[in-house]
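Everything on this sheet refers to the single structure shown next.
The values are calculated or read from the model by the stated rules, or taken from the named source; none is laboratory data. All values reported here derive from a predicted model rather than from experimental measurement. Here the Cβ positions follow ideal geometry from the backbone for every residue, glycine too, while neighbour counts run over all protein chains shown. All accessible areas refer to the heavy atoms of the entire protein, side chains included, with ligands and DNA or RNA removed. Shrake-Rupley method; radii C 1.70, N 1.55, O 1.52, S 1.80 Å.
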Amino acid sequence: MSRQRLPYHAPDISALAKSLARQLDESSERPGHVEMLNLLARAVGFRNYQALRASHEAEARLVREPQPAEVVDFRRVEQWRRYFDDAGCLQRWPKKHSHREACLWVLWSRLPVRERWSEKAINQRLQAQEVLGDHLLLRRALVDGGWLARTEDGGEYWRIERRPPAELSALLAVLPACA
């Protein structure tokens with residue numbers, strides 16, 4: 001039978017020593033191997049050694065394998081960068097749908113989270129991010145694409161949280177914040 005290594009951590013060594021000393025004082029004879037394991041487990045807050053081992057085994061089952069890093073296609077990032085001027089503002093609307101999505105991701109990422117805006121306020125925020133002169137097109141595209149939601153009457157808008165693609169981080173890294 002192979003022995004499984006079990007890590008042991010005591011957050012406070014002084015409390016560990018006091019707990020062990022108290023438990024040893026309560027014992028009438030020298031503890032054996034299993035009882036010593038139980039003493040150590042109780043000293044860090046577990047019922048016994050089996051509970052400590054079960055907790056570590058459960059932790060190992062719950063810890064997922066690290067996800068592989070997403071690959072960034074910098075050629076695409078370079079293509080998308082061309083739609084923004086030197087100040088980082090959107091200067092032209094792409095013909096390709098995939099390029100439009102990248103531009104909308106940038107606009108979306110610049111909107112504060114957990115805020116609501118009136119139609120006038122969202123228009124002003126979008127106007128500050130573009131120089132192409134069509135903030136209404138951008139607002140519609142953000143709503144239709146699921147980046148923004150609005151009330152039925154269009155009186156309030158808010159950002160929908162989504163997981164951006166890896167390329168967005170690379171694009172934002174090369175774009176200055178449009179002010």
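Points worth noting:
- Probe 1.4 Å, accessible area per residue of the stretch 110-162, Å²: 58
- For the chain, the longest principal axis of the C-alpha atoms and the axis of helix 97-109 are separated by about 60°.
- Spin-label zone in the stretch 165-179 - amide nitrogen under 18 Å from a point set 7 Å from the Cα of Arg82 along the C-beta vector: 171-172, 174-175
- The Rg/Rh ratio for the stretch 1-156, using Cα coordinates for both the radius of gyration and the Kirkwood hydrodynamic radius, is 1.39.
- Compared with the dominant Cα axis of the chain, that is its longest principal axis, helix 135-144 is turned about 40°.
- Packing here is the average count of other Cβ atoms within 10 Å per residue, and on that basis the peptides 112-125, 38-51, highest first, run 38-51, 112-125.
- Residue-wise HN-Hα coupling along the stretch 53-59, computed from phi with Karplus coefficients 6.51, -1.76, 1.60 (Hz; x: Gly, Pro): 5, 4, 5, 5, 5, 5, 4
- Amide H partners (placed H, <5 Å) of Glu130, local residues excluded: Leu90
- The value given for the stretch 113-179 is a Kirkwood hydrodynamic radius of 13.0 Å, derived from the mean inverse Cα-Cα separation.
- Think of it this way: in the chain, Cys103 stand alone, with no other Cys Cβ under 4.7 Å.
- Farthest toward positive dipole pole in the stretch 41-169 [+1 Lys/Arg, -1 Asp/Glu at C-beta], among Cys89, Ser118, Trp147: Trp147
- The chain: relative contact order in percent, alpha carbon pairs under 8 Å with at least 6 residues between: 22
- From its DSSP helices (H runs of at least four residues, each -39,500 (n - 2.57)), the chain gives a residue-normalised ellipticity at 222 nm of -15000 deg cm²/dmol.
- Carbon and sulfur %, accessible surface of the chain computed with the full protein complex present, 1.4 Å: 51
- Under 28 Å of direct C-alpha separation, and excluding same-chain neighbours fewer than eight residues apart, Lys120 reaches these lysines: Lys95.
- Compared with the alpha-carbon gap, the fully stretched path from Val113 to His56 is longer by 16.8 nm at 0.36 nm per residue.
- Inter-site label distance for Val71 and Leu16 at 7 Å from Cα along Cβ, in nm: 4.6
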